[in-house]
Amino acid sequence: MDSRSEFPAAGAQLPARVAASRRRALALGLGGAAALATTSPTWAVSDQRPGAVRPPNLGAHDRLVAGRVSARRALHHLRHLSGRIGPRIGGTSAERTAARYLADELGYRTTLQPFPVADKFLGQLSSRPGLPDDLDWQVGASPQAALDTRVTGPVVDVGAGAPEDYPADVAGKVVLVDYVATQRAALVATAVARQAAAVVFLPADLVEPRRAQAFAPSLPGSATAPVPLPVVGVAQAQKHRLRQRLAARPLTLTVATSAHRGLTSHNVLAERAPRWGGQDGPVVMVSAHYDTVIGAPGANDDGSGTVLCLELARVLRGLPVDATVRFGLWGSEEQGLLGSRYYVAQLPQAERDRIVAVYQNDMVATSWDPATRYWLLSFDGVPNRATEEVAAAATRLGYQPRISAVTRRGSSDHQSFQEVGIASANFSWRGEESPALLEPPYHSPEDTIEKNVSLSRLQVSLELIGAAAYATARQP
């Protein structure tokens, strides 16, 4: 299909047959679920991009970026972060491993900025034969239950978990229990009284496209006398797989828990100097967070933004700039923007004043078909240098109708900068109607490369942010 007709103008009404045809084109052109997530983008610099409304009108400096950035190269880094390291919980050894990898790969003058974070309580489920390997099986562990322990036992599904739901003998068995927050202490007490080996709490299903994430159950009243068995909370996707497996045949499960205390998280900071000056001159920042929530491999959230930064660092290293180009990869964002807030808090006002724009990239590559709009999200809802440059780059690339108006929304690291008056915005692919429309694998064990990454969308994001950041760095 002619890519120039893949998308209607915003708000246009189409006949059902045409609309369905264009939705199919969108899925293929922007790497949605109907296309292989890792299909390599093949367009040349002068080609009309999938989803664009017209061919690009690029200047010479745009071409320097668009002709060099490669989602395929970025995928190499994403396989390491999401596939080899997996969930990167703030302050844990997995996050430290990721920080060291990022520092090595950035190739600039790089520093690790440490800051303290709260204790973490994690669990891991395993079985022989193994559990389905298309999900991660990290879960949350209750801090008021048995920690740093491992138990193995046959699995029994006791549903709502009332005493009458239990079979006659569950001693030494792992019980699956539907989680109800107001009843959690009583549910665990019943399992303890029946001498169960472990409790695996199963969350209620959320309304699609939302899916419940793994969690560390809190047990009121157990702080002084911890529950004598491990208690963990799984994600919605894990819940359904466990019940499907158990319905098909008997299941023996190993539940391991661990406490991680006295933790330090790290921001990874790297920069290159401009052609002249630099110590007191303007700064352009490109950033992302590299940590994840419990149980999520974080391929899109936010491995995609992280590897975008790595690839742009590679490309911008060799291009002339008139501002310092700084990359910030934030730790512990998922705990409340801790890394970026710590970074901003340590900056003297004179250093804050140097920052011209911050391009924060959070979830820039989902393969979810409905995520057809590229959102410009500002904490105060007001345009600034970052949103203006990306909107201008979108126009030059032929994407302008696919870009949202500047929309008020926080909940990512751009907020930390805008709270102190620094121009910043968050950029990501989300549903057409609202930035609240996030893909089903969001914050779940299904946030994998195979289930939730489109190289085409990642390539477009690289071009948009690359062109915008380079334009700012040339004329700060």
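The values are calculated or read from the model by the stated rules, or taken from the named source; none is laboratory data. None of the values given here were measured: they were computed from a predicted structure. Neighbour counts are summed over all protein chains in view; Cβ atoms, including those assigned to glycine, are modelled from backbone coordinates with ideal geometry. With ligands, DNA and RNA removed, areas are computed over all heavy atoms of the protein, side chains included. Shrake-Rupley method; radii C 1.70, N 1.55, O 1.52, S 1.80 Å.
Listed values, structure above:
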| item | result |
| --- | --- |
| Listed candidates (1) 1.41; (2) 1.01; (3) 1.08 - label of the one calculated as Rg/Rh (Cα atoms, Kirkwood Rh) | (2) |
| In degrees, nearest ten, helix 236-248 long axis to first principal axis of the chain (Cα) | 50 degrees |
| Angle between the chain longest axis and helix 184-193 axis [Cα atoms, degrees, rounded to 10] | 40 degrees |
| Residue-normalised accessible area of segment 120-258, expressed per residue, 1.4 Å probe, Å² | 44 Å² |
| Computed over the chain: relative contact order in percent, which uses C-alpha pairs under 8 Å that are six or more apart | 23 percent |
| Segment 66-204: relative contact order in percent, alpha carbon pairs under 8 Å with at least 6 residues between | 15 percent |
| Share antiparallel - DSSP beta bridges, the chain, percent rounded to 5 | 55 percent |
| Carbon + sulfur, % of accessible area of the chain - ligands and nucleic acids excluded, 1.4 Å | 52 percent |
| Whole-Å distance, taken between Cα centres, linking segment 445-469 and segment 174-239 | 35 Å |
| Degrees separating the helix 93-106 axis from the principal Cα axis of the chain, which is the longest one | 20 degrees |
| Ranked packing of 96-106, 133-143, most packed first, by mean Cβ within 10 Å | 133-143, 96-106 |
| Burial order of peptide ranges 290-299, 423-432 (average beta-carbon count within 10 Å, highest first) | 290-299, 423-432 |
| Probe 1.4 Å, accessible area per residue of segment 323-377, Å² | 26 Å² |
| Rounded Å value of the spacing that divides the Cα centres of segment 389-444 and segment 136-156 | 38 Å |
